[in-house]
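K.L.:
The structure follows.
The values are calculated or read from the model by the stated rules, or taken from the named source; none is laboratory data. As the structure is a computational prediction, the values presented were derived from the model and not from experiment. Glycine also receives a Cβ, built like all others from the backbone with ideal geometry; neighbour counts cover every protein chain displayed.
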Amino acid sequence: MAQAGLAASAESHASAGHAGDDHGFAPTGERILNQDEIDSLLGFDLAGDDENDRTGIRAIIDSALVSYERLPMLEIVFDRLVRLMTTSLRNFTSDNVEVSLDNISSIRFGDYLNSIPLPAILAVFRAEELDNFGLLTVDSNLIYSIVDVLLGGRRGTAALRIEGRPYTTIERVLVQRMVEVILNDARQAFEPLTPVHFNLDRLETNPRFAAIARPANAAILVKLRIDMEDRGGRVELLLPYATLEPIRKLLLQQFMGEKFGRDNIWEGHLATELWSTQVEVRAVLDEQYVPLSTVLGLEVGQTLMLNSAPDSDVHVRCGSIPLTRGRMGRRGANIAVQVTAPLTPAAARALTGGKS
C-alpha cells in the first residue's frame, strides 16, 4: 500500500510537471517563450506580407526609413498619375483599362531588388531636372497581357505564358512603348508641382543590372494594378529619396500651390502696424571722446562745450542706426534740426563712412 501511494504521488508530480511544460513554464518557475512569441518580439513574421504592420525589433530597425507620409504631396501626385494612366492606356491599347493604386510604402532599395518576382522587365529611367534615376518594374502577367492585347488576342482567353525563355525583341519593344506612355504620364503628374522629364534609359531583366542606388538607401515604392477586363498585371514605380531630395520642400506642402511662410493678409496687417509704430529719433549735435577720469570728475553746474557751429551738420539716428543728416537751427525757444539728406540706404552708408 505504501509503495502504491508513492507511485501515485510520483505520477501526480510528473503530470504536474508536464502540465507546467505545456504552459511554457520551466521547472524553476520562469516562463519560456515559444517560437511564435519570439517571432512576434523580433518582428519577423514569415506568414505576413504587410510591411506597414511591423513590430518589435524589426520596427526599430526600419525606423530609420523616412515615411512617405511625411511628404503629403506624393499622394496627390500619384493619385493624379493613376487618373492619367487610365486615360492614356485606354488610348494605347484600345481596350477598357482600369488602373488602381494598391499602396505606397517606404522600403530599402536592396530589400526591393530581392523581392522582385522574376521573370520581369525592369525599366531604368532618368529624371533629367532632378539629376537622378528611378525604376519601373513590369511583372510577367502584364507583359504577356500587353503583348496579347496589342497583337489582337481574343478576349476571354488567358495569355499564353512560356516559362524558361528570355523575352523576345517584339515583347521588349511593346513593353518599352507602354513604359514610355507611363513615364509621360508621370511627367504630367509632377508638372503642377515642378517640371521634370522622365526619359527611359534602358530595359533590364536581371535586377543586379538595375542597381540605381545603394542597397541600404531608402526609396518610395508605388504599386499600381492594371486590369484589362480578364487580363492585367502589376506595375511598380520606385523612386529613391535621393531623386526626390531636390523637390523635398515642394513635397512637404499640404496642398498644391501652398506658399510657405507667406500670408498676404498677415503681411498687410503687419505693414499697417509698422506705419503706426512710434520710434525714438535722436539728433546728435556732437560726439567727444574724453578720458574716464574726466567723466568721473564732472560736477553739477559744469558746462560742456560742443564743437558744433550754427551751420554744422547734425546726425539723425534711431538707436545706433544712422538715418539721415540735418542742419541745426532754432525755432522759438527750442533747438530744431532741418533734414537735408534723403532717408535711403546710400545716405546711411555715407554717414558711416561707406560701412554697411
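K.L.:
Condition first: of a type in the set (Gly, Ala, Ser), part of a loop (DSSP other than H, G, I, E, B) and closer than 30 Å to VAL147 by Cα. Now tell me which residues in region 202-251 satisfy that.
P.N.:
Result: ALA211, single match.
K.L.:
Does GLY301 satisfy the condition of being among the small types (Gly, Ala, Ser) and at pLDDT 85 or above?
P.N.:
yes
K.L.:
Next up: Using the structure shown, decide if PRO291 is surrounded by 13 or more Cβ atoms within 10 Å (Cβ to Cβ) and either modelled with pLDDT of 80 or more or among the aromatic types (Phe, Trp, Tyr) (or both).
P.N.:
no
K.L.:
Going through PHE255, PHE190, PHE260 one at a time, which residue ends up being among the hydrophobic types (A, V, I, L, M, F, W, C) and either surrounded by 16 or more Cβ atoms within 10 Å (Cβ to Cβ) or modelled with pLDDT of 90 or more (or both)?
P.N.:
PHE190
K.L.:
Next up: For residues that are buried (at least 18 other Cβ atoms within 10 Å of the Cβ) and assigned to a loop (DSSP other than H, G, I, E, B), tally how many sit in region 68-96.
P.N.:
Going through region 68-96 one residue at a time, the tally reaches 1.
K.L.:
Only residues that are touching a helix residue (DSSP H, G or I) at 6+ places or on another chain (Cβ under 8 Å), under 16 Å from ALA242 (Cα atoms) and either hydroxyl-bearing (Ser, Thr, Tyr) or surrounded by fewer than 22 Cβ atoms within 10 Å (Cβ to Cβ) (or both): list them for region 109-128, please.
P.N.:
VAL124
K.L.:
Restricting to region 278-303, name every residue that is assigned to a loop (DSSP other than H, G, I, E, B) and either in contact (Cβ under 8 Å) with a residue 12 or more places away in the chain or closer than 20 Å to VAL339 by Cβ (or both).
P.N.:
Answer for region 278-303, where residues must be assigned to a loop (DSSP other than H, G, I, E, B) and either in contact (Cβ under 8 Å) with a residue 12 or more places away in the chain or closer than 20 Å to VAL339 by Cβ (or both): GLN278, VAL279, GLU280, VAL281, LEU285, ASP286, GLU287, GLN288.
K.L.:
Also: Looking at region 35-75, which of the residues that are at pLDDT 85 or above and within 22 Å of ARG234 (Cβ to Cβ) is farthest from the chain's Cα centre (by Cα)?
P.N.:
GLU75
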